[in-house]
Amino acid sequence: MTEDRLTPPDLAEAAWRTSSYSGGQGECVEIAPNLPHLVPVRDSTRPAGPAITFGHDAWRAFVSDLATAGAPPAGWNR
């Protein structure tokens, strides 16, 4: 039996930033929207830790849903 494994994306070129809504305590998420095919999201307290990635369309939909629900769009400029 073989096991399929995902190859982690190369995030070396990621330009990480926090939301303008961040309180400055360093306990927020960071995103790197500069990559061509994905938007990685990570915990700002663990910059060397794992990141979850979204495609750009999925990220836009996620942020749009947050805005519709009344939450501020974390780290996304329209």
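Please treat every number below as a calculation from the coordinates, not as lab data. On a predicted model such as this, the values are computed, not experimentally measured, just so you know.
Annotation: amide H of Ser44 within the under-5 Å range of Cys28, Val29, Glu30, sequence separation 5 or more or interchain, hydrogens built in the peptide plane.
Taking one quarter of the surface of the convex hull spanned by the alpha-carbon atoms of region 1-60 gives a direction-averaged projected area of 5.4 nm².
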